[in-house]
Structures are given as C-alpha cells and as structure tokens.
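S.K.: Structure incoming, see below.
Since every read-out is calculated from the coordinates, none of them should be taken as a lab result. All of these numbers come straight from a predicted model, not from anything done at the bench. With ideal geometry, Cβ positions are generated from the backbone for all residues, glycine too; neighbour counts draw on all protein chains shown.
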Amino acid sequence: MRNLKVAGLALALLLPAASCFAGESVNLILNWTPTADHSPFYYAKAQGWYEKAGIDLTIEVGKGSGVSSLKVGSGGSPFGIADLATMLVARSKGADVVALMSIYANTGQTFYWLKSYGVDGAKTFPGHRIGNPPGDASRVMWPAFAKAAGIAPDSVNFVNVGPTAKVAALKSHAVDIISDFYNEHDTKVIEFGSDLGYVNWKDIGLNPYGNSLIVNGAYLAKNPKLAEDFVRISQKAFAACVADVAPCLKALVDQVSGLDKESQERQWERIKFLMTDEFTTSKALGWIDPGRMQKDYELVQTYLGMEKPFAVETAFSTKLLDPSIKMDASKVKK
C-alpha cells in the first residue's frame, strides 16, 4: 500500500512538469508542396528549436498562395507562406493577414525562351507565343512587364500551358516563350544548354516581393511572444541553411518523399539569390522595406485590383525580426 502511495505521489509530481513542457500547437501552411525554400522550417523542427520555444509545429502542404493567404486570414492557420502580392489582394478582400518576414526579397518571375526561335530579349517578344496557365501571375501582371520592357501589351499571344508542361511545350515549339520561377532555373539550363535565354523581371526594373512568412492578425495580437519566437527561430534556420544547406535538405527529404536531392541543391543556390537585397544584407534577413511595399501595393492595385483599399503599412511588420541575423551575400551565386 505504501509503495502504491509513493508511486501515486511520484506520478502527481511528474504530471505538472510534463504539462509545462507541452508545446502550443502551431500550424504553418506552405504556399505549395515542400521544396528547398521550405527546408529551413523542416531543419529547425528537426533540431528541436521550435519545441524548445514551446511551439509544437505542424507543417501543412499548401495549394497555392491564394489558399494559404485565405486560410491564415480566416484564422484557420496561425502562420503561412504566401506570395506578397497575392496576400495583399486577400487582405483587400477582408483577410486578417500580416507579413512578418520576406523569403524571396527578389521576384522569382522569369521568362525563358530558346534563342533558336528568334527571341533575343524582351524587346523581341512581340509576335511570339508565351505559354503559361491562364491564372499565372506573370500573365495577369503582363501589362506591367510590357510597359517596363517598352513593348505593346497586345503584341504577344498567350497559350494555355499547365505548370508541369511548360518545358515540354517550349521544347516542342508549341510556344516560343514560357514563364517560370527562377528557383527552377537549372532545370531549363540542363535541358536546353546554351540555346536558353531568359530575363528575370528584376532585370527590367520590376521587383515585387515574393514568398513571405505571414500570420493571422488576431493571432499576432494575442500571441506576440510566440510570434516573435517563431519568426526569430525561422530567421535563424534560414541563416543556418545559407551557411550549410546539407543538413537542411536532409531534414526536408527525410520528411518529404519524391524529392531529388541534387535538384533541391541546385534550387537552393537560386533561392539564396532571391533572398538577397540591400535590406536583407544590412537590416535583417527577411527584412521588408516600406518603400518597396508601397510600390508593390500600387502595382497590385493597378493590375490585380484592391477590393477595399487599405494603408499598406498595416499589412506588414519587421518588429519581430532579429536585426543581428543578416543575409550573408558572400554565399550567393547568380
């Protein structure tokens, strides 16, 4: 009987301790299926960094920035990854969402072509066929690209091509030009070699923010410390992966089936370029510049539309970032 009482007392003493270490359940919905740009989240989770901060993290596979923006904005997930232009549109429609950290400080939007098809830069696009999906951001934002490139918006023909069929469509000459993200650059280099030509939108003066870490506004107001911990751990993880991506990609492929390690390594080299600008290297890794955000807002308002206009400064915050963690530009190759 005495032994039972002792055992019961021991169990009673252990239970409170166990509950103290039970982390807050937190969901992060990705913008799409996991690839190299998501590896820092998997790495930080595998290292136990979120757990040590009292965060029990679940990483949810996404179905596009529109879906992640709406799920976070409705409170269905506290955190998410989304293209910032898409997030701004969602906010104008009532989504309670705030950007906390840029991942792609530079736009990934890129046009690719084969030189043998008679294309030699954006000035020669007129009269050619561009292949991409109907809702593709590069097609929606085409008038902005055309204006920056100095060509007429109606001077090209768009052809409906699915996301996974772009390279095949270019190879078969079903189209002359395709749009794709710069992190997939090496897939085209390997396929087409020296015949490949391309222009990143940044090269012609269009550089809206890309994928970013977003949070539900009400959740942020109720959980400021947890949100700060989440942001700073994620920042730390991205910096660690910039320094050495091998353990990060291992954490990713250990959890996500069907990924080719070499392909992901090549992607990461491009992602480091997308992460790097004058602010992420001087202010903080993940920094969001107010001036650039205002330009992005105006770009979105012009070409995508704002259902209910809002002050752009309410849509982002850099207060949770750790200014001591900066992007290491010496690790970047274009």
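S.K.: Report, in whole Å, the centroid distance computed from the Cα atoms of the range 152-166 and the range 78-103.
M.R.: The distance from the Cα centre of the range 152-166 to that of the range 78-103 comes to 27 Å.
S.K.: Another question, if that's okay. Under the rule of -39500 (n - 2.57) per DSSP H run of 4 or more residues, summed and divided by the residues of the chain, what mean residue ellipticity at 222 nm is obtained, to the nearest 500 deg cm²/dmol?
M.R.: Numbers: 14 runs with 139 residues, N = 334.
Here the helix-only value at 222 nm equals -12000 deg cm²/dmol.
S.K.: For labels at H173 and K123 in the simple 7 Å Cα→Cβ model, what's the distance in nm?
M.R.: 2.6
S.K.: Using only Cα atoms, what is the ratio of the radius of gyration of the range 216-292 to 2.2 N^0.38 Å?
M.R.: On the way: Rg = 15.1 Å, N = 77, 2.2 N^0.38 = 11.5 Å.
Normalised by 2.2 N^0.38 Å, the Cα Rg of the range 216-292 equals 1.32.
S.K.: How high is the FRET efficiency from A329 to D244, r the C-beta distance, R0 22 Å, rounded to 0.05?
M.R.: According to the calculation, E is roughly 0.85.
S.K.: Hey, another quick one. Return the percentage of antiparallel bridges among DSSP beta bridges fully within the chain, rounded to the nearest 5 %.
M.R.: On the way: 20 of 35 bridges.
For the chain, the DSSP antiparallel bridge percentage is about 55.
S.K.: Next question. How large is Rg/Rh for the chain, to two decimals, with Cα atoms and a Kirkwood Rh?
M.R.: On the way: Rg = 22.2 Å, Rh = 21.2 Å.
With Rg and the Kirkwood Rh in hand, the quotient comes to 1.05.
S.K.: Work out how much length K63 to S25 would gain on full extension: take 0.36 nm times their residue separation and subtract the Cα-Cα distance, in nm to one decimal.
M.R.: Numbers: separation 38, 0.36 × 38 = 13.68 nm, distance 2.16 nm.
Result for the pair: 11.5 nm of gain on full extension.
S.K.: Which FRET efficiency value, to the nearest 0.05, do you get for E51 and E265 by plugging their Cβ-Cβ distance into 1/(1 + (r/R0)^6) with R0 = 30 Å? Don't skip to the answer; put the middle values down first.
M.R.: Numbers: r = 27 Å, r/R0 = 0.90.
Calculated transfer efficiency: 0.65.
S.K.: Can you list residues whose amide H is under 5 Å from I103's amide H, if they're 5+ apart or on another chain and H is modeled 1.01 Å from N?
M.R.: S212, L213
S.K.: Here is a follow-up. What is the gain in length, in nm to one decimal, between S194 and L304 on full extension, counting 0.36 nm per residue of separation less the C-alpha to C-alpha distance? Can you show the working numbers first?
M.R.: On the way: separation 110, 0.36 × 110 = 39.60 nm, distance 3.55 nm.
Stretched out fully, the S194 to L304 stretch lengthens by 36.1 nm.
S.K.: Rounded, prolate or oblate: which one fits the range 109-204, using the alpha carbon gyration tensor with axes a ≥ b ≥ c (rounded when a/c is under 1.5, else prolate when a/b beats b/c, else oblate)?
M.R.: Details: a/c = 1.39, a/b = 1.28, b/c = 1.08.
Rounded shape, in that the Cα axes give a/c under 1.5.
S.K.: Right, here's the next one. Taking the dipole about the Cα centre of the chain, with the C-beta of Lys and Arg at +1 and of Asp and Glu at -1, give me whichever of F79, G258, S212 is farthest to the positive side.
M.R.: F79
S.K.: Another question about this same structure. Please figure out what share of the DSSP beta bridges in the range 109-204 is antiparallel and state it in percent, rounded to the nearest 5. Don't jump to the answer; show the numbers that get you there.
M.R.: Numbers: 10 of 16 bridges.
That works out to approximately 60 percent antiparallel.
S.K.: Between 0 and 90 degrees, rounded to the nearest ten: what's the tilt of helix 290-303 against the longest Cα principal axis of the chain?
M.R.: With both axes taken from Cα atoms, the answer is about 60 degrees.
S.K.: Specify whether the C-alpha gyration tensor of the range 167-313 places it in the rounded, prolate or oblate class, a ≥ b ≥ c being the square roots of the eigenvalues: rounded for a/c under 1.5, otherwise prolate if a/b is larger than b/c and oblate if not.
M.R.: Values: a/c = 2.04, a/b = 1.23, b/c = 1.66.
Oblate is the answer for the range 167-313, as a/c is 1.5 or above yet b/c matches or exceeds a/b.
S.K.: Rounded, prolate or oblate: which one fits the range 275-334, using the alpha carbon gyration tensor with axes a ≥ b ≥ c (rounded when a/c is under 1.5, else prolate when a/b beats b/c, else oblate)?
M.R.: On the way: a/c = 3.91, a/b = 1.85, b/c = 2.11.
Here the range 275-334 falls in the oblate category.
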